[in-house]
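Quick notes on the structure that follows.
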Amino acid sequence: MKIICMLRQRQLARLSVKSSAIMPTTLKRHTHTCAECHHFYEDIRRIQQALPQALAQEVSSTDLDNLLWARLQQQPQAPIRGWRSPYPLYMAAMSTVLCLAAVGYYYNNELPEESASVVRPLYPLREGTVVALTPAGNPTVPTTKQGLVPTPHHRRNRKKQLTPKAKNTPPTHHYVVAVNAPAHPQVTWAQVGSYYAAQGEYRDAATAYTFAYQQQRDPRLAFVAGQAAENAGDPIQALELFTQTLQPKLDNPNSDKPGKDKHDETSSPLHSIRNCSSAERTVESSATIF
Amino acid sequence: MTSASMTQEQTQESDEVLVMAARLGDRRAFNLLMQRYRPIAFAYANATLRHKEEAEDAVQEAFLRAFQSLPKIRVNATWSKWLMQILRNHCIDILRHRKCVQIQPLLDSLPDLGDSPEWAVLKEERREKLRIVIDGLAEKYQIALLMHYASGRTYKEIALALDIPESTVTGRIAGGLRILRERFRREGLL
(Lines give C-alpha, C1' and ligand atoms only; values in the text may rest on other atoms or scores of the structure.)
Protein backbone atom coordinates (compact mmCIF):
# COMPACT_ATOMS: atom_id res chain seq x y z
CA MET A 1 0.00 0.00 0.00
CA LYS A 2 1.23 3.46 -0.81
CA ILE A 3 2.04 5.79 2.04
CA ILE A 4 -0.37 8.35 0.67
CA CYS A 5 -3.17 5.77 0.73
CA MET A 6 -2.36 4.84 4.31
CA LEU A 7 -2.63 8.47 5.33
CA ARG A 8 -5.80 8.98 3.35
CA GLN A 9 -7.36 5.92 4.93
CA ARG A 10 -6.62 7.28 8.37
CA GLN A 11 -8.29 10.51 7.34
CA LEU A 12 -11.26 8.63 5.91
CA ALA A 13 -11.73 6.55 9.05
CA ARG A 14 -11.65 9.67 11.18
CA LEU A 15 -14.03 11.41 8.86
CA SER A 16 -16.49 8.55 8.88
CA VAL A 17 -16.95 8.67 12.64
CA LYS A 18 -17.74 12.37 12.59
CA SER A 19 -21.42 12.84 11.96
CA SER A 20 -21.32 16.35 10.50
CA ALA A 21 -17.97 16.25 8.74
CA ILE A 22 -17.63 17.30 5.11
CA MET A 23 -15.11 15.44 3.03
CA PRO A 24 -12.35 17.72 1.72
CA THR A 25 -12.03 18.00 -2.05
CA THR A 26 -8.58 16.43 -2.18
CA LEU A 27 -9.79 13.43 -0.23
CA LYS A 28 -12.89 13.11 -2.38
CA ARG A 29 -10.76 13.22 -5.53
CA HIS A 30 -8.43 10.58 -4.12
CA THR A 31 -11.33 8.31 -3.19
CA HIS A 32 -12.66 8.53 -6.74
CA THR A 33 -9.32 7.69 -8.30
CA CYS A 34 -7.93 5.11 -5.83
CA ALA A 35 -9.95 1.88 -5.78
CA GLU A 36 -8.35 0.64 -2.55
CA CYS A 37 -9.29 3.76 -0.61
CA HIS A 38 -12.75 3.72 -2.15
CA HIS A 39 -13.30 0.15 -0.90
CA PHE A 40 -11.86 1.07 2.44
CA TYR A 41 -14.35 3.90 2.88
CA GLU A 42 -17.24 1.68 1.85
CA ASP A 43 -16.12 -1.10 4.21
CA ILE A 44 -15.87 1.30 7.10
CA ARG A 45 -19.34 2.58 6.36
CA ARG A 46 -20.70 -0.97 6.27
CA ILE A 47 -19.03 -1.88 9.55
CA GLN A 48 -20.44 1.26 11.12
CA GLN A 49 -23.95 0.33 10.03
CA ALA A 50 -23.58 -3.31 11.05
CA LEU A 51 -22.06 -2.78 14.47
CA PRO A 52 -25.10 -1.42 16.34
CA GLN A 53 -27.25 -4.26 14.95
CA ALA A 54 -24.69 -6.95 15.67
CA LEU A 55 -23.80 -5.81 19.14
CA ALA A 56 -26.47 -6.48 21.70
CA GLN A 57 -27.94 -3.29 23.07
CA GLU A 58 -27.10 -3.57 26.72
CA VAL A 59 -29.59 -1.69 28.83
CA SER A 60 -29.48 -1.69 32.57
CA SER A 61 -32.32 -3.55 34.20
CA THR A 62 -35.26 -1.56 35.45
CA ASP A 63 -34.63 -2.76 38.98
CA LEU A 64 -31.28 -1.02 39.11
CA ASP A 65 -32.76 2.33 40.05
CA ASN A 66 -35.01 0.83 42.70
CA LEU A 67 -32.24 -1.33 44.14
CA LEU A 68 -29.85 1.57 44.24
CA TRP A 69 -32.40 3.86 45.83
CA ALA A 70 -33.25 1.23 48.44
CA ARG A 71 -29.58 0.74 49.29
CA LEU A 72 -29.10 4.48 49.54
CA GLN A 73 -32.02 4.80 51.91
CA GLN A 74 -30.36 2.26 54.19
CA GLN A 75 -27.15 4.27 54.25
CA PRO A 76 -26.80 6.69 57.13
CA GLN A 77 -26.00 10.26 56.22
CA ALA A 78 -22.24 10.45 56.04
CA PRO A 79 -20.82 12.50 58.88
CA ILE A 80 -19.48 15.81 57.72
CA ARG A 81 -15.78 15.98 58.37
CA GLY A 82 -14.89 18.94 60.44
CA TRP A 83 -12.55 19.61 63.27
CA ARG A 84 -10.79 16.49 64.52
CA SER A 85 -9.69 16.84 68.06
CA PRO A 86 -6.23 15.60 68.96
CA TYR A 87 -7.23 15.62 72.64
CA PRO A 88 -9.83 13.61 74.53
CA LEU A 89 -13.36 14.90 74.20
CA TYR A 90 -13.63 16.39 77.67
CA MET A 91 -10.42 18.36 77.20
CA ALA A 92 -11.67 19.70 73.90
CA ALA A 93 -14.98 20.68 75.48
CA MET A 94 -13.25 22.42 78.38
CA SER A 95 -10.87 24.34 76.16
CA THR A 96 -13.77 25.40 73.91
CA VAL A 97 -15.76 26.69 76.87
CA LEU A 98 -12.73 28.57 78.19
CA CYS A 99 -12.02 30.12 74.81
CA LEU A 100 -15.62 31.18 74.36
CA ALA A 101 -15.70 32.68 77.83
CA ALA A 102 -12.48 34.59 77.19
CA VAL A 103 -13.68 35.91 73.85
CA GLY A 104 -17.05 36.86 75.30
CA TYR A 105 -15.43 38.66 78.22
CA TYR A 106 -13.07 40.52 75.90
CA TYR A 107 -15.80 41.75 73.59
CA ASN A 108 -18.14 42.56 76.45
CA ASN A 109 -15.58 44.93 77.90
CA GLU A 110 -14.45 46.34 74.57
CA LEU A 111 -17.74 47.26 72.96
CA PRO A 112 -19.76 50.29 74.00
CA GLU A 113 -23.38 49.81 75.08
CA GLU A 114 -24.98 51.43 72.05
CA SER A 115 -23.42 48.89 69.72
CA ALA A 116 -25.78 46.26 71.04
CA SER A 117 -27.58 46.21 67.78
CA VAL A 118 -29.43 43.60 65.85
CA VAL A 119 -28.74 43.46 62.18
CA ARG A 120 -31.15 42.02 59.72
CA PRO A 121 -28.97 39.99 57.43
CA LEU A 122 -28.52 40.94 53.82
CA TYR A 123 -29.77 37.54 52.84
CA PRO A 124 -31.54 34.75 54.74
CA LEU A 125 -29.34 33.56 57.56
CA ARG A 126 -29.87 31.00 60.26
CA GLU A 127 -30.90 32.23 63.64
CA GLY A 128 -27.84 32.81 65.73
CA THR A 129 -25.64 33.82 62.82
CA VAL A 130 -22.87 36.19 63.79
CA VAL A 131 -22.59 39.21 61.52
CA ALA A 132 -19.45 41.34 61.58
CA LEU A 133 -19.76 45.11 61.46
CA THR A 134 -17.03 47.59 60.65
CA PRO A 135 -16.78 50.71 62.86
CA ALA A 136 -18.69 52.58 60.15
CA GLY A 137 -21.56 50.17 60.55
CA ASN A 138 -21.13 48.35 57.28
CA PRO A 139 -21.58 44.62 57.41
CA THR A 140 -18.54 42.65 56.38
CA VAL A 141 -18.34 38.96 55.62
CA PRO A 142 -20.69 37.29 58.09
CA THR A 143 -19.65 34.32 60.17
CA THR A 144 -21.73 31.60 61.69
CA LYS A 145 -21.78 29.88 65.00
CA GLN A 146 -23.41 26.75 63.70
CA GLY A 147 -21.36 24.73 61.23
CA LEU A 148 -23.06 24.28 57.92
CA VAL A 149 -20.71 22.33 55.74
CA PRO A 150 -17.11 22.23 56.86
CA THR A 151 -14.80 21.43 54.00
CA PRO A 152 -12.22 18.74 54.64
CA HIS A 153 -8.77 19.86 55.70
CA HIS A 154 -9.91 23.43 56.12
CA ARG A 155 -7.78 23.78 59.19
CA ARG A 156 -4.72 22.67 57.29
CA ASN A 157 -5.31 25.04 54.39
CA ARG A 158 -6.28 28.00 56.42
CA LYS A 159 -2.80 29.42 56.89
CA LYS A 160 -1.97 28.95 53.24
CA GLN A 161 -5.01 30.77 52.00
CA LEU A 162 -4.69 33.81 54.19
CA THR A 163 -2.82 36.50 52.34
CA PRO A 164 -0.07 38.39 54.22
CA LYS A 165 -2.26 41.46 54.08
CA ALA A 166 -5.14 39.63 55.74
CA LYS A 167 -2.83 38.23 58.40
CA ASN A 168 -1.37 41.57 59.41
CA THR A 169 -4.59 43.52 59.35
CA PRO A 170 -5.85 44.16 62.87
CA PRO A 171 -9.51 43.34 63.48
CA THR A 172 -11.45 46.45 62.64
CA HIS A 173 -14.92 45.13 63.18
CA HIS A 174 -17.09 43.82 65.95
CA TYR A 175 -19.72 41.13 65.97
CA VAL A 176 -23.41 41.14 66.61
CA VAL A 177 -25.85 38.29 66.46
CA ALA A 178 -28.74 38.22 64.07
CA VAL A 179 -31.85 37.04 65.92
CA ASN A 180 -34.30 37.19 63.05
CA ALA A 181 -35.63 33.86 61.98
CA PRO A 182 -34.70 33.05 58.40
CA ALA A 183 -37.27 33.61 55.70
CA HIS A 184 -36.40 30.29 54.09
CA PRO A 185 -35.29 27.35 56.17
CA GLN A 186 -33.21 25.99 53.30
CA VAL A 187 -29.55 26.80 53.15
CA THR A 188 -28.62 29.36 50.54
CA TRP A 189 -25.37 29.75 48.68
CA ALA A 190 -24.79 33.00 50.48
CA GLN A 191 -24.89 31.15 53.79
CA VAL A 192 -22.50 28.56 52.51
CA GLY A 193 -20.23 31.36 51.37
CA SER A 194 -20.41 33.06 54.73
CA TYR A 195 -19.48 29.83 56.41
CA TYR A 196 -16.45 29.28 54.22
CA ALA A 197 -15.40 32.88 54.67
CA ALA A 198 -15.55 32.37 58.42
CA GLN A 199 -13.40 29.28 58.12
CA GLY A 200 -10.80 31.17 56.12
CA GLU A 201 -11.65 29.19 52.97
CA TYR A 202 -11.89 32.32 50.88
CA ARG A 203 -11.63 30.57 47.55
CA ASP A 204 -14.62 28.35 48.35
CA ALA A 205 -16.42 31.33 49.81
CA ALA A 206 -15.89 33.28 46.59
CA THR A 207 -17.27 30.35 44.58
CA ALA A 208 -20.33 30.03 46.79
CA TYR A 209 -20.99 33.77 46.72
CA THR A 210 -20.64 33.74 42.96
CA PHE A 211 -23.29 31.03 42.78
CA ALA A 212 -25.47 33.11 45.07
CA TYR A 213 -24.95 36.14 42.86
CA GLN A 214 -25.78 34.17 39.75
CA GLN A 215 -29.00 33.00 41.35
CA GLN A 216 -30.16 36.24 42.92
CA ARG A 217 -28.41 38.88 40.78
CA ASP A 218 -27.89 40.93 43.87
CA PRO A 219 -24.88 43.28 43.47
CA ARG A 220 -24.23 43.10 47.18
CA LEU A 221 -23.47 39.42 46.83
CA ALA A 222 -21.06 40.19 43.99
CA PHE A 223 -19.35 42.68 46.27
CA VAL A 224 -18.98 40.14 49.08
CA ALA A 225 -17.79 37.57 46.54
CA GLY A 226 -15.22 40.07 45.33
CA GLN A 227 -14.02 40.61 48.87
CA ALA A 228 -13.67 36.87 49.36
CA ALA A 229 -11.80 36.49 46.09
CA GLU A 230 -9.48 39.33 47.10
CA ASN A 231 -8.77 37.62 50.40
CA ALA A 232 -8.14 34.38 48.57
CA GLY A 233 -5.39 36.13 46.64
CA ASP A 234 -7.20 36.15 43.30
CA PRO A 235 -7.27 39.80 42.23
CA ILE A 236 -8.48 39.05 38.70
CA GLN A 237 -11.62 37.33 39.91
CA ALA A 238 -12.08 40.01 42.53
CA LEU A 239 -11.91 42.73 39.88
CA GLU A 240 -14.43 40.90 37.74
CA LEU A 241 -16.82 40.60 40.64
CA PHE A 242 -16.38 44.21 41.66
CA THR A 243 -17.07 45.23 38.07
CA GLN A 244 -20.32 43.31 38.25
CA THR A 245 -21.16 45.19 41.41
CA LEU A 246 -20.79 48.50 39.63
CA GLN A 247 -22.83 47.45 36.60
CA PRO A 248 -26.46 48.65 36.67
CA LYS A 249 -29.15 46.01 37.00
CA LEU A 250 -30.64 45.04 33.66
CA ASP A 251 -34.13 44.74 35.02
CA ASN A 252 -34.04 48.14 36.72
CA PRO A 253 -36.88 50.15 35.19
CA ASN A 254 -35.38 53.48 36.27
CA SER A 255 -32.22 52.95 34.27
CA ASP A 256 -34.12 53.46 31.00
CA LYS A 257 -35.55 56.82 32.00
CA PRO A 258 -33.84 59.62 30.07
CA GLY A 259 -33.85 62.15 32.92
CA LYS A 260 -32.34 59.76 35.43
CA ASP A 261 -28.70 60.32 36.27
CA LYS A 262 -26.94 57.00 35.91
CA HIS A 263 -24.16 58.02 38.28
CA ASP A 264 -26.53 58.99 41.02
CA GLU A 265 -24.92 58.01 44.29
CA THR A 266 -28.15 56.89 45.86
CA SER A 267 -28.73 54.29 43.14
CA SER A 268 -25.30 52.73 43.34
CA PRO A 269 -25.03 49.24 44.86
CA LEU A 270 -22.38 50.35 47.30
CA HIS A 271 -24.71 53.01 48.61
CA SER A 272 -27.47 50.44 48.92
CA ILE A 273 -25.16 48.33 51.07
CA ARG A 274 -24.54 51.27 53.36
CA ASN A 275 -28.24 52.13 53.48
CA CYS A 276 -29.15 48.56 54.21
CA SER A 277 -26.72 48.28 57.05
CA SER A 278 -27.76 51.54 58.66
CA ALA A 279 -31.49 51.23 58.08
CA GLU A 280 -31.81 47.65 59.10
CA ARG A 281 -29.98 48.04 62.33
CA THR A 282 -32.37 48.27 65.23
CA VAL A 283 -31.30 48.49 68.80
CA GLU A 284 -32.54 45.68 70.98
CA SER A 285 -31.19 45.17 74.40
CA SER A 286 -31.84 41.44 74.32
CA ALA A 287 -29.23 40.83 71.67
CA THR A 288 -26.26 38.73 72.50
CA ILE A 289 -22.93 40.42 72.12
CA PHE A 290 -19.62 38.82 71.57
CA MET B 1 -45.85 23.22 43.87
CA THR B 2 -46.51 19.67 42.74
CA SER B 3 -43.85 17.05 43.03
CA ALA B 4 -43.71 16.65 39.25
CA SER B 5 -43.05 20.30 38.61
CA MET B 6 -40.56 20.36 41.43
CA THR B 7 -38.70 17.45 39.89
CA GLN B 8 -38.75 19.22 36.53
CA GLU B 9 -37.35 22.34 38.15
CA GLN B 10 -34.64 20.48 40.01
CA THR B 11 -33.61 18.52 36.96
CA GLN B 12 -32.53 21.77 35.34
CA GLU B 13 -30.27 22.56 38.26
CA SER B 14 -26.57 22.32 37.66
CA ASP B 15 -24.52 19.51 39.14
CA GLU B 16 -22.90 21.86 41.64
CA VAL B 17 -26.22 22.87 43.15
CA LEU B 18 -27.41 19.27 43.35
CA VAL B 19 -24.14 18.14 44.91
CA MET B 20 -24.33 20.90 47.49
CA ALA B 21 -27.92 19.97 48.30
CA ALA B 22 -26.93 16.31 48.57
CA ARG B 23 -24.08 17.24 50.87
CA LEU B 24 -26.55 18.98 53.12
CA GLY B 25 -28.59 15.79 53.36
CA ASP B 26 -31.05 16.09 50.48
CA ARG B 27 -31.29 12.54 49.14
CA ARG B 28 -33.67 13.58 46.38
CA ALA B 29 -30.92 15.75 44.93
CA PHE B 30 -28.60 12.77 44.96
CA ASN B 31 -31.29 10.73 43.25
CA LEU B 32 -31.40 13.32 40.48
CA LEU B 33 -27.64 13.09 40.10
CA MET B 34 -27.97 9.33 39.95
CA GLN B 35 -30.58 9.51 37.21
CA ARG B 36 -28.38 11.91 35.28
CA TYR B 37 -25.20 9.83 35.35
CA ARG B 38 -26.43 6.24 35.66
CA PRO B 39 -26.63 5.56 31.88
CA ILE B 40 -23.06 6.74 31.27
CA ALA B 41 -21.78 4.86 34.30
CA PHE B 42 -23.53 1.67 33.24
CA ALA B 43 -22.29 1.98 29.67
CA TYR B 44 -18.71 2.34 30.88
CA ALA B 45 -18.95 -0.49 33.39
CA ASN B 46 -20.59 -2.78 30.86
CA ALA B 47 -17.99 -2.02 28.20
CA THR B 48 -15.17 -2.60 30.65
CA LEU B 49 -16.45 -5.66 32.50
CA ARG B 50 -18.48 -7.18 29.64
CA HIS B 51 -20.92 -8.66 32.14
CA LYS B 52 -24.28 -7.03 32.75
CA GLU B 53 -24.84 -8.09 36.35
CA GLU B 54 -21.32 -7.23 37.37
CA ALA B 55 -21.64 -3.88 35.62
CA GLU B 56 -24.83 -3.12 37.53
CA ASP B 57 -23.17 -4.08 40.80
CA ALA B 58 -20.22 -1.86 39.96
CA VAL B 59 -22.51 1.08 39.21
CA GLN B 60 -24.36 0.57 42.49
CA GLU B 61 -21.13 0.35 44.41
CA ALA B 62 -19.73 3.47 42.75
CA PHE B 63 -22.81 5.51 43.57
CA LEU B 64 -22.83 4.27 47.16
CA ARG B 65 -19.16 5.16 47.57
CA ALA B 66 -19.84 8.56 46.06
CA PHE B 67 -22.71 9.09 48.49
CA GLN B 68 -20.59 8.10 51.48
CA SER B 69 -17.77 10.35 50.35
CA LEU B 70 -19.90 13.39 49.60
CA PRO B 71 -18.46 15.42 52.48
CA LYS B 72 -14.98 15.00 50.99
CA ILE B 73 -15.83 16.72 47.72
CA ARG B 74 -14.85 20.36 47.42
CA VAL B 75 -17.22 23.06 46.20
CA ASN B 76 -15.45 23.61 42.89
CA ALA B 77 -14.66 19.95 42.18
CA THR B 78 -16.40 18.44 39.18
CA TRP B 79 -18.87 15.86 40.36
CA SER B 80 -19.10 13.87 37.14
CA LYS B 81 -15.34 13.43 36.82
CA TRP B 82 -15.14 12.49 40.47
CA LEU B 83 -17.88 9.87 40.15
CA MET B 84 -16.37 8.37 37.02
CA GLN B 85 -12.99 8.15 38.74
CA ILE B 86 -14.61 6.15 41.55
CA LEU B 87 -16.25 3.88 38.99
CA ARG B 88 -13.02 3.42 37.02
CA ASN B 89 -11.14 2.46 40.18
CA HIS B 90 -13.87 0.03 41.18
CA CYS B 91 -13.88 -1.58 37.73
CA ILE B 92 -10.10 -2.00 37.92
CA ASP B 93 -10.55 -3.72 41.29
CA ILE B 94 -13.12 -6.09 39.81
CA LEU B 95 -10.88 -6.90 36.86
CA ARG B 96 -7.99 -7.60 39.20
CA HIS B 97 -10.18 -9.90 41.23
CA ARG B 98 -11.36 -11.58 38.04
CA LYS B 99 -7.83 -12.62 37.19
CA CYS B 100 -8.05 -14.97 40.16
CA VAL B 101 -11.66 -16.06 39.69
CA GLN B 102 -12.70 -16.58 36.06
CA ILE B 103 -16.34 -15.65 35.45
CA GLN B 104 -18.05 -16.62 32.22
CA PRO B 105 -21.11 -14.64 31.16
CA LEU B 106 -23.92 -17.15 30.79
CA LEU B 107 -26.99 -15.13 29.91
CA ASP B 108 -25.19 -13.28 27.15
CA SER B 109 -24.72 -16.41 25.08
CA LEU B 110 -28.37 -17.47 25.12
CA PRO B 111 -30.24 -16.88 21.83
CA ASP B 112 -33.25 -14.60 21.64
CA LEU B 113 -36.46 -16.49 22.30
CA GLY B 114 -38.45 -14.48 19.77
CA ASP B 115 -36.47 -15.66 16.70
CA SER B 116 -36.77 -18.94 14.84
CA PRO B 117 -34.15 -21.49 15.94
CA GLU B 118 -32.16 -21.33 12.66
CA TRP B 119 -32.07 -17.58 12.59
CA ALA B 120 -31.16 -17.45 16.23
CA VAL B 121 -28.25 -19.82 15.68
CA LEU B 122 -26.99 -17.81 12.68
CA LYS B 123 -27.32 -14.59 14.58
CA GLU B 124 -25.57 -16.06 17.55
CA GLU B 125 -22.74 -17.36 15.38
CA ARG B 126 -22.27 -13.94 13.85
CA ARG B 127 -22.36 -12.30 17.24
CA GLU B 128 -19.87 -14.81 18.54
CA LYS B 129 -17.46 -14.09 15.67
CA LEU B 130 -17.88 -10.39 16.19
CA ARG B 131 -17.28 -10.79 19.90
CA ILE B 132 -14.08 -12.70 19.23
CA VAL B 133 -12.86 -10.02 16.83
CA ILE B 134 -13.71 -7.23 19.24
CA ASP B 135 -12.11 -9.13 22.11
CA GLY B 136 -8.92 -9.18 20.09
CA LEU B 137 -8.80 -5.40 19.99
CA ALA B 138 -6.82 -3.37 22.46
CA GLU B 139 -8.82 -2.35 25.52
CA LYS B 140 -8.87 1.34 24.64
CA TYR B 141 -10.52 0.61 21.28
CA GLN B 142 -12.89 -1.96 22.78
CA ILE B 143 -14.32 0.35 25.40
CA ALA B 144 -14.78 3.26 23.02
CA LEU B 145 -16.43 1.09 20.36
CA LEU B 146 -18.71 -0.73 22.78
CA MET B 147 -19.78 2.43 24.55
CA HIS B 148 -20.61 4.10 21.24
CA TYR B 149 -22.13 1.27 19.21
CA ALA B 150 -23.54 -1.04 21.90
CA SER B 151 -24.72 1.53 24.43
CA GLY B 152 -25.30 4.45 22.09
CA ARG B 153 -23.30 6.95 24.13
CA THR B 154 -22.10 10.15 22.50
CA TYR B 155 -18.43 11.05 22.12
CA LYS B 156 -18.80 13.67 24.80
CA GLU B 157 -20.14 11.13 27.27
CA ILE B 158 -17.40 8.65 26.41
CA ALA B 159 -14.83 11.39 26.89
CA LEU B 160 -16.29 12.10 30.32
CA ALA B 161 -16.30 8.43 31.28
CA LEU B 162 -12.73 7.80 30.17
CA ASP B 163 -11.42 11.21 31.23
CA ILE B 164 -9.90 11.91 27.83
CA PRO B 165 -10.51 14.66 25.24
CA GLU B 166 -13.31 14.23 22.75
CA SER B 167 -10.86 14.24 19.83
CA THR B 168 -9.08 11.26 21.37
CA VAL B 169 -12.39 9.39 21.50
CA THR B 170 -12.91 10.10 17.80
CA GLY B 171 -9.40 8.85 17.08
CA ARG B 172 -9.90 5.69 19.09
CA ILE B 173 -13.17 4.85 17.38
CA ALA B 174 -11.67 5.51 13.97
CA GLY B 175 -8.62 3.42 14.84
CA GLY B 176 -10.83 0.64 16.16
CA LEU B 177 -12.86 0.62 12.95
CA ARG B 178 -9.72 0.39 10.83
CA ILE B 179 -8.43 -2.58 12.82
CA LEU B 180 -11.87 -4.21 12.74
CA ARG B 181 -11.97 -3.86 8.97
CA GLU B 182 -8.59 -5.56 8.63
CA ARG B 183 -9.65 -8.44 10.89
CA PHE B 184 -13.04 -8.82 9.21
CA ARG B 185 -11.32 -9.15 5.86
CA ARG B 186 -8.94 -11.71 7.31
CA GLU B 187 -11.85 -13.68 8.78
CA GLY B 188 -13.84 -13.39 5.56
CA LEU B 189 -16.68 -11.50 7.19
CA LEU B 190 -16.49 -8.65 4.68
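The values are calculated or read from the model by the stated rules, or taken from the named source; none is laboratory data. Here the structure is a predicted model, which is why all the values come from computation and not from measurement. A quick note on method: Cβ atoms are made from the backbone with ideal geometry, for glycine too, and the neighbour counts reach across all protein chains shown. Ligands, DNA and RNA are excluded from the accessible area calculation, which covers all protein heavy atoms including side chains. Shrake-Rupley method; radii C 1.70, N 1.55, O 1.52, S 1.80 Å.
Observations
- Residues of the range B:11-97: accessible area per residue with a 1.4 Å probe, Å²: 37 Å²
- Magnitude of the charge dipole, the range B:117-187, Cβ model with Lys/Arg +1 and Asp/Glu -1, debye to 20: 260 debye
- Computed over the range B:117-187: relative contact order in percent, which uses C-alpha pairs under 8 Å that are six or more apart: 32 percent
- 3J(HN,Hα) from dihedral phi, the range B:185-190, Karplus parametrisation 6.51/-1.76/1.60, rounded to Hz, x for glycine, proline: 5, 5, 7, x, 7, 9
- Computed about its Cα centre, the charge dipole of the range B:11-97 is approximately 180 debye, with only Lys, Arg, Asp and Glu carrying charge at their Cβ.
- Taking 21 Å as the limit for the C-alpha separation, the pairs A:LYS2/A:LYS28; B:LYS81/B:LYS156; A:LYS2/B:LYS140 exceed it in the case of A:LYS2/B:LYS140.
- Pair A:CYS99, B:SER167: separation of 7 Å Cα→Cβ label points (nm): 5.1 nm
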